[in-house]
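For reference, the structure discussed in these notes is given below.
The values are calculated or read from the model by the stated rules, or taken from the named source; none is laboratory data. Small disclaimer: the values here were computed from a predicted structure and weren't measured. Virtual Cβ from ideal backbone geometry, glycine too; neighbours counted across all protein chains shown. All accessible areas refer to the heavy atoms of the entire protein, side chains included, with ligands and DNA or RNA removed. Shrake-Rupley method; radii C 1.70, N 1.55, O 1.52, S 1.80 Å.
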Amino acid sequence: MRQIALPLTSASDSPPRIVVGAANATAIDALADPAKWPFHTAILVGPPRSGKSLLAGWFAQGGQGDAIDDADRIEEDALFHRWNRAQESGRPLLIVAAHAPGTEGWRIRLPDLASRLGAALLLEIGEPDDEMLVALLEVHAEMRGLVLDQSATQYLVGRCERSHLGIERLVAAIDRLSLERKQAPTMAIWRDALIETKGGDSTGD
């Protein structure tokens with residue numbers, strides 16, 4: 001499991017990082033080589049808190065091209081104009097959205113825009129596997145100054161919500177409970193954080 005440090009402006013002393021694993025490695029490799037994109041355009045989609053916006057910032061600030069975040073929330077005419085501009089200039093355009101165009105989550109009314117986005121390279125971030133869940137736990141804990149040893153990560157990964165957002169919420173809950181109880185994370189805190197973030201019993205896998 002590897003990470004990439006993103007040279008982005010951050011209020012924290014440590015720069016934001018992206019854990020690279022099976023869920024996102026293909027997308028990240030494609031972002032590093034935009035010359036191969038059809039029509040100079042790629043669409044990056046993925047689940048909440050999976051690093052889409054961070055990757056868009058990394059791509060744009062690295063000078064590789066332009067990026068549009070939350071593209072499924074902007075006016076279709078404006079998005080169509082940006083696509084046309086990318087064709088005229090030859091400058092790569094990364095379009096970031098929660099869902100792929102043409103799916104239930106992102107219906108497109110303009111037929112011309114729908115056909116053009118359908119020809120772009122679709123990059124999808126998936127949900128993390130076990131190895132990536134461990135790495136995400138470690139990164140989020142480190143960012144909050146929490147110490148979670150191997151026994152903690154093994155216990156938590158076997159019981160947590162298996163998503164990028166779920167891991168972020170779990171570590172935030174552990175951090176808050178530790179502060180409230182004025183103690184380092186313990187088994188009791190892990191269990192209570194799991195119950196809080198999963199909304200149920202933490203004993204099952």
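Worth a mention:
- Estimated Rh, the range 1-120: Kirkwood, alpha-carbon pairs, angstrom: 15.0
- Here residue 192 and residue 124 are evaluated by their C-beta separation; at R0 = 25 Å the FRET efficiency comes out at 0.15.
- The gain in end-to-end length when the residue 70 to residue 184 segment is fully stretched comes to 37.3 nm, 0.36 nm per residue minus the alpha carbon separation.
- For the range 96-205, the Cβ-based charge dipole about the Cα centre amounts to some 420 debye (Lys, Arg positive; Asp, Glu negative; other atoms uncharged).
- Rough spin-label spacing in nm, given labels placed 7 Å along Cα→Cβ, for residue 3 and residue 147: 1.8
- Sites residue 161 and residue 81 - FRET efficiency at Förster radius 45 Å, r taken between beta-carbons, to 0.05: 0.70
- One chain, two ends: residue 32 and residue 115. Fully extended at 0.36 nm per residue, the span grows by 27.4 nm beyond their Cα-Cα distance.
- Carbon/sulfur fraction of accessible area - the range 108-197, other protein chains in place, 1.4 Å, %: 51
- Computed P(r) (all Cα pairs; the range 89-171; 5 Å bins; percent): 3, 12, 19, 15, 9, 10, 11, 10, 7, 3, 1
- Under 20 Å of direct C-alpha separation, and excluding same-chain neighbours fewer than eight residues apart, residue 36 reaches these aspartates and glutamates: 66, 88, 124.
- Alpha carbon Rg of the range 126-188, scaled by the compact-globule rule 2.2 N^0.38 Å: 1.03
- Value of relative contact order over the chain, rounded to a whole percent, pairs C-alpha under 8 Å and six or more apart: 21
- Summed over the residues of the chain and divided among them, the accessible surface reaches 52 Å² per residue at a probe radius of 1.4 Å.
- Dipole of the range 86-158, positive end: most advanced residue of 99, 155, 133 [Cβ charges, Cα centre]: 99
- Secondary structure note: in the chain, about 25% of the DSSP beta bridges are antiparallel.
- Mean residue ellipticity, 222 nm, helices only, the chain: the sum of -39500 (n - 2.57) across DSSP H runs of n ≥ 4, divided by residue count and rounded to 500, is -13500 deg cm²/dmol.
- Charged-residue dipole, Cβ positions (Lys, Arg, Asp, Glu), the chain about Cα centre, Debye nearest 20: 220
- Evaluated at q = 0.11, 0.16, 0.19 Å⁻¹: base-10 log I(q)/I(0), Debye formula over Cα of the chain: -0.59, -1.01, -1.24
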